[in-house]
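To keep things clear, I will list the structure first and then write my remarks on it.
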Amino acid sequence: MVEPDPRASRLNELRLRLPGLVRGIQEPGITPERKAELAAEYEQVLGAVLALADELDVGTE
């Protein structure tokens with residue numbers, strides 16, 4: 001039996017975080033500071049998703 005690649009699991013975990021971050025950024029009444037924090041986190045997570053997807057040679061659709 002082949003062990004699943006932990007990077008693939010990490011990629012899925014990161015992908016699942018993106019929609020929640022977008023919803024948080026779009027939340028009415030969010031402070032500009034919190035919006036900036038969430039936007040920075042989104043950029044960091046998206047960068048990690050793209051890097052891992054490239055490393056694993058998988059699509060990002």
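The values are calculated or read from the model by the stated rules, or taken from the named source; none is laboratory data. Just so it is clear, the structure is predicted and the values come from calculations on it, not from any experiment. With ideal geometry, Cβ positions are generated from the backbone for all residues, glycine too; neighbour counts draw on all protein chains shown. To get the accessible areas, we keep the full protein, side chains included, count just its heavy atoms, and leave off ligands, DNA and RNA. Shrake-Rupley method; radii C 1.70, N 1.55, O 1.52, S 1.80 Å.
Worth a mention:
- Of the residues making up segment 16-61, those that are within 26 Å of Pro6 (Cα to Cα) and among the hydroxyl-bearing types (Ser, Thr, Tyr) number 2.
A quick yes/no check of all residues on (1) touching a residue at least 12 places away in the same chain (Cβ under 8 Å); (2) surrounded by 12 or more Cβ atoms within 10 Å (Cβ to Cβ); (3) not polar (S, T, N, Q):
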position: Arg10; (1), (2), (3): yes, yes, yes
position: Arg17; (1), (2), (3): yes, yes, yes
position: Gly24; (1), (2), (3): yes, yes, yes
position: Arg34; (1), (2), (3): no, yes, yes
position: Ala40; (1), (2), (3): no, no, yes
position: Glu43; (1), (2), (3): no, no, yes
position: Gly47; (1), (2), (3): no, no, yes
position: Ala53; (1), (2), (3): yes, yes, yes
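- Candidates Gly24, Gly47, Gly20, filtered to the one that is in contact with a Leu (Cβ under 8 Å, 6 or more places away or on another chain) and either of a type in the set (Val, Ile, Thr) or modelled with pLDDT of 95 or more (or both): Gly24
- Test: Gly29 is of a type outside the set (S, T, N, Q) and open to solvent by 70 Å² or more (accessible area, probe 1.4 Å): yes
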